[in-house]
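Contents: one structure, followed by commentary.
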Amino acid sequence: MAAMTQIRNIVILTGAGVSAESGIDTFRGGGGLWEQHRVEDVATPEAFARDPELVLRFYDMRREAIQTKQPNAAHFALARFDREWAGELLIVTQNVDDLHERAGARRVLHMHGEHLNAWCSNCDIRSPWRGPLIERPPCPACGARALRPDVVWFGEMPYRMDEIYGALRSADLFVSIGTSGAVYPAAGFVRDARELGTRTLELNLERSQGSAWFDESRLGPAGELVPAWVEEMLGS
Ligand code: APR
């Protein structure tokens, strides 16, 4: 395991907890999205086939909502870290909002997709999209009325897994921020990192399902923990 002073390559995994202080609901826990909606009704390919209107309305509502939210201190701290960290860095986010990018982060990979894209099931092209999909508008690329949310549903493969595992293999440090560790494959990254001898750190409001696998867990709001951790790493 690399000493703190020798850490160059870093993978940061973020989850819904990093956007909670921006007013975006998390999925699990008190008042979470999956308490308000059944996953089986809105977040599976089967649900979309069964009742596309219910699914499209759900994601239209979320797509509209995130455009009214602002990045918080955790997003800005990670964007600063991205600008100033000379080593390798990959911010792997499970979040489908654009708050990391709006805060200025660039080395970001959305493994579960993005709300502000629409994905055409006819031509397989993803187009930037800010409005509703409920009226089944034509695909900007092929004209087919076959657009769906560009979100990875349960039972579907997350995006760019080869890149993520590649970054994990060369990482000296794996940091997990604001995720419950309930959903694989993201929940397994800490074990992969441990097996590779990588140092692991968790920043979360409460202990997660994977806490036992981390060398260190710091508990508290991301808006406080993340800026403090970035200061520590950049040594200002
Ligand atoms: N600061 C830090 N952590 C927080 C904060 C906060 N302000 N608020 C909540 N958390 C923590 C919670 O304690 C919880 O452990 O964030 C975590 C959020 O967990 P989930 O709601 O399960 O969200 P996430 O882990 O991102 O879900 C993973 O599941 O539903 C699917 O595809 C969806 O990407 C999502 C995946």
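Sort out which residues of the range 32-45 are open to solvent by 40 Å² or more (accessible area, probe 1.4 Å), free of Cβ contacts under 8 Å to residues at least 12 places away in the same chain and either within 18 Å of Asp150 (Cβ to Cβ) or not polar (S, T, N, Q) (or both), and write them in order of number.
Listed by number, the residues that qualify are Trp34, Glu35, Arg38, Glu40.
Within the range 90-138, which residues are acidic (Asp, Glu), at negative phi and not in a strand (DSSP E or B)?
Selection gives Asp97, Asp98, Glu101, Glu135.
Here are the criteria: (1) among the charged types (D, E, K, R); (2) crowded, with 18+ Cβ neighbours inside 10 Å; (3) out of contact with any Ser or Thr (no Cβ under 7 Å at 6 or more places or on another chain). Tell me which single one Asp172 does not satisfy.
Against the list (1) among the charged types (D, E, K, R); (2) crowded, with 18+ Cβ neighbours inside 10 Å; (3) out of contact with any Ser or Thr (no Cβ under 7 Å at 6 or more places or on another chain), Asp172 comes up short only on (3).
Quickly run through the range 122-167 and pick out the residues that are loosely packed, with under 14 Cβ neighbours inside 10 Å and acidic (Asp, Glu).
If the condition is that a residue be loosely packed, with under 14 Cβ neighbours inside 10 Å and acidic (Asp, Glu), then Asp124, Glu135, Glu156, Asp162, Glu163 are the ones that fit.
Among the numbered conditions (1) away from the ligand (no atom under 12 Å from the Cβ); (2) basic (Lys, Arg); (3) open to solvent by 40 Å² or more (accessible area, probe 1.4 Å), tell me where Arg63 comes up short.
The single condition Arg63 does not satisfy is (3).
Filter the range 3-54 for residues that are more than 7 Å from the ligand (Cβ to nearest atom) and of a type in the set (Asp, Glu); which is modelled with the lowest pLDDT?
Per the stated criteria, the residue is Glu35.
In the range 211-223, how many are within 9 Å of the ligand (Cβ to nearest atom) and either at pLDDT below 95 or surrounded by 15 or more Cβ atoms within 10 Å (Cβ to Cβ) (or both)?
Residues flagged as within 9 Å of the ligand (Cβ to nearest atom) and either at pLDDT below 95 or surrounded by 15 or more Cβ atoms within 10 Å (Cβ to Cβ) (or both) within the range 211-223 amount to 3.
Mind listing whichever residues of the range 165-190 are more than 16 Å from the ligand (Cβ to nearest atom) and either closer than 18 Å to Glu232 by Cβ or of a type outside the set (S, T, N, Q) (or both)?
Correct list: Tyr165, Gly166, Ala167, Leu168, Arg169, Ala171, Asp172, Leu173.
Only one of these conditions is not met by Pro71: (1) modelled with pLDDT of 95 or more; (2) assigned to a helix (DSSP H, G or I); (3) open to solvent by less than 70 Å² (accessible area, probe 1.4 Å). Which number is it?
(2)
In the range 47-60, what count of residues is obtained for those that are open to solvent by 30 Å² or more (accessible area, probe 1.4 Å), part of a helix (DSSP H, G or I) and under 21 Å from Asn117 (Cα atoms)?
6
Could you please give the count of residues in the range 111-129 that are under 22 Å from Ala141 (Cα atoms) and touching a residue at least 40 places away in the same chain (Cβ under 8 Å)?
Within the range 111-129, residues that are under 22 Å from Ala141 (Cα atoms) and touching a residue at least 40 places away in the same chain (Cβ under 8 Å) number 4.
What about Met157, is it free of Cβ contacts under 8 Å to residues at least 24 places away in the same chain, of a type in the set (A, V, I, L, M, F, W, C) and within 14 Å of the ligand (Cβ to nearest atom)?
Here the answer is yes, as Met157 does meet what is asked.
Any chance you could count how many residues in the range 104-120 are open to solvent by 10 Å² or more (accessible area, probe 1.4 Å) and either among the hydrophobic types (A, V, I, L, M, F, W, C) or modelled with pLDDT under 95 (or both)?
The total comes to 3.
Looking at the range 191-207, which of the residues that are within 12 Å of the ligand (Cβ to nearest atom) and either in contact with a Leu (Cβ under 6 Å, 6 or more places away or on another chain) or open to solvent by 40 Å² or more (accessible area, probe 1.4 Å) (or both) is nearest to Ile7 (Cα to Cα)?
Leu203
How many residues are in a helix (DSSP H, G or I) and in contact with a strand residue (DSSP E or B) (Cβ under 8 Å, 6 or more places away or on another chain) if we restrict to the range 184-236?
Matching residues across the range 184-236 total 11.
The values are calculated or read from the model by the stated rules, or taken from the named source; none is laboratory data. Note that the coordinates shown come from a computational prediction; the quantities given were computed from them, not determined experimentally. Methodologically, a virtual Cβ is constructed for each residue, glycine included, from the backbone with ideal geometry; neighbour enumeration extends over all protein chains shown. To get the accessible areas, we keep the full protein, side chains included, count just its heavy atoms, and leave off ligands, DNA and RNA. Shrake-Rupley method; radii C 1.70, N 1.55, O 1.52, S 1.80 Å.
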